[in-house]
């Protein structure tokens, strides 16, 4: 007899038993959660890599080379990182309208950097975080300038401009993604041997270096044509300032869509703005001025043979300093009514001189432009002069000729036989090798030498001792230093500096020269030379030309290569009363290894 369970069947059939299926599903969910967790960990905990064509993780923490580091010597190679290849050789950037300042502790991974410096044995790693941030803040200024454009292999990356303050500024273009910082070596002033070895070690610890990748929409054109003229402008160099620092920039014309040429009263070059907010200098190519014009671009001498019939017959004139390709503008001339025409050249270009021989560059000046040239720069025995002419005879030689350029600037040309545009006063070079060494020294003031001791010839070859004594092989004589004076220094005087009462100048120089790395012997000799020249006015504006700028004025080549180079160049101006100025930030370099020290200044008589 069959017995059936009298339980009604459900309207929908029951599924098969699910115990095994549920376990499998739970395992899959757990695996997925773990995978997501691992992914998030590497995204947010590990330093971000740049996802480019090659799978490279750019991480200062993993690449820091500390094998040769020690606490006593800090060479620029101690913390050098191997070059990093971004893979993407040309990067397009979406530029901001204006650079945005960024605090150093918002830009750098402070804790990670300090940890690695501490491991390497550097004292900066043992500083408090507050003190270390102050060190960084006194070394770098940082601006965000753009973002890597969409569609580029490098994603979620920003572009920054990093200025080294002690070089006022040495600009680096840096790509930042997460905590990874990559310097674009081809488009940065990334010096192999900067003024401060402290900065060199920091640069190496903070940044990776890529010498291949470039920003494709950064560089400006090499030439700019002046509309409706035969003239063109040639790119000279990057300014040591941001474009925004040129507060008086006047827009002249558009050389491309949205791109303009400017003139600023604080610059003798014309300027243009790059995408990252830096200013670049341009100068007028004068090769079209006249068939007899000889602009010597090879050595930047600015020698121009002016041929003005019945007035000047191929006379040698200069309108620039020896180191600069920019011209001397007479911004105090605002109208042709202030000038007297002296003639035209074969191309119909008009040339002028001052209608009033007492014309001043500024109403506050005590001397006229011509009188200042006579007193300060006209030196007997130079050029065609066998002795110093009287002032009246000087005026008859057309000491200054003025030309109105196609951009309506009045350009000054100075008679080359009546003295240089400017003069570099008594630079002296000290050599301190770690052991007695034969050293070759070459310096190239692009305006030429006025005097050297010992005789320069094609360069100095000396036996240098650690105490600074030098034996010159050419004349078999001992010297305490190498001495030179040169012509034609033309540079933009820094706006930053110090106003010092005459009575305080000596103490001020002792303090500031020591701050820039000079020892007692060196700054005492500096003061012995310069202090007597700074006693005629109640106050003085004193500033120091950045070393990177002076390196252009007078390139210095030394073999064997020194570990530390300190070059201090002062400029100053007498004042009747104090004036407000922004204080200048001065670096304190470390004297490490083979050290070379040079000091000098601009002569004002």
Count - residues of the stretch 575-605 that are at pLDDT below 90, in a loop (DSSP other than H, G, I, E, B), under 19 Å from residue 427 (Cβ atoms) and touching a strand residue (DSSP E or B) at 6+ places or on another chain (Cβ under 6 Å): 2
Residue that is out of contact with any helix residue (DSSP H, G or I) (no Cβ under 8 Å at 6 or more places or on another chain), in a strand (DSSP E or B) and in the same structural domain as residue 517 (by TED's automatic domain parsing), where the choices are 467, 478: 478
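So that you can scan it fast, the table gives a plain yes or no per residue for (1) at pLDDT 90 or above; (2) out of contact with any strand residue (DSSP E or B) (no Cβ under 7 Å at 6 or more places or on another chain); (3) not assigned by TED's automatic domain parsing to the domain that holds residue 575:
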site	(1), (2), (3)
502	yes, no, no
515	yes, yes, no
533	no, yes, no
554	no, no, no
If you go through 529, 569, the only one that is assigned by TED's automatic domain parsing to the domain that holds residue 468, under 15 Å from residue 429 (Cβ atoms) and at pLDDT below 85 is 529
For the structure I just gave you, tell me whether residue 390 is closer than 30 Å to residue 251 by Cα and at pLDDT 80 or above. no
Tally time: how many residues in the stretch 409-437 are at pLDDT below 75 and part of a strand (DSSP E or B)? 4
Name the residues in the stretch 127-141 that are surrounded by 13 or more Cβ atoms within 10 Å (Cβ to Cβ) and modelled with pLDDT of 80 or more, would you? 127, 132, 133, 134, 135, 136, 137, 140, 141
Condition (residue is more than 30 Å from residue 516 (Cβ to Cβ) and either at pLDDT below 90 or not assigned by TED's automatic domain parsing to the domain that holds residue 564 (or both)) applied to the stretch 234-247: is it met by at least one residue? yes
Which numbered condition trips up residue 372, out of (1) loosely packed, with under 15 Cβ neighbours inside 10 Å; (2) modelled with pLDDT under 95; (3) outside any loop (DSSP other than H, G, I, E, B)? (1)
Provide a single number: the residues in the stretch 111-145 that are over 14 Å from residue 203 (Cα atoms) and in a helix (DSSP H, G or I). 15
Keeping to the stretch 453-468, report how many residues are surrounded by fewer than 16 Cβ atoms within 10 Å (Cβ to Cβ) and under 15 Å from residue 428 (Cα atoms). 3
When restricted to 105, 97, the only residue at pLDDT 85 or above and either part of a helix (DSSP H, G or I) or not assigned by TED's automatic domain parsing to the domain that holds residue 180 (or both) is 105
I'd like the residue in the stretch 227-238 that is touching a strand residue (DSSP E or B) at 6+ places or on another chain (Cβ under 8 Å) and in contact (Cβ under 8 Å) with a residue 60 or more places away in the chain and, out of all such residues, is surrounded by the fewest Cβ atoms within 10 Å (Cβ to Cβ). 237
When only residues in the stretch 551-566 that are touching a residue at least 24 places away in the same chain (Cβ under 8 Å) and not in a strand (DSSP E or B) count, which is surrounded by the most Cβ atoms within 10 Å (Cβ to Cβ)? 553
Quick check: anything in the stretch 500-521 exposed (fewer than 15 other Cβ atoms within 10 Å of the Cβ) and assigned to a loop (DSSP other than H, G, I, E, B)? no
Go through the residues of the stretch 532-549 one by one and say whether even a single one is more than 30 Å from residue 580 (Cβ to Cβ) and either in contact (Cβ under 8 Å) with a residue 60 or more places away in the chain or in a strand (DSSP E or B) (or both). no
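The values are calculated or read from the model by the stated rules, or taken from the named source; none is laboratory data. Worth saying up front: this structure is predicted, and the values here are computed from it rather than measured. Cβ atoms come from the backbone with ideal geometry, glycine included; neighbour counts cover every protein chain shown.
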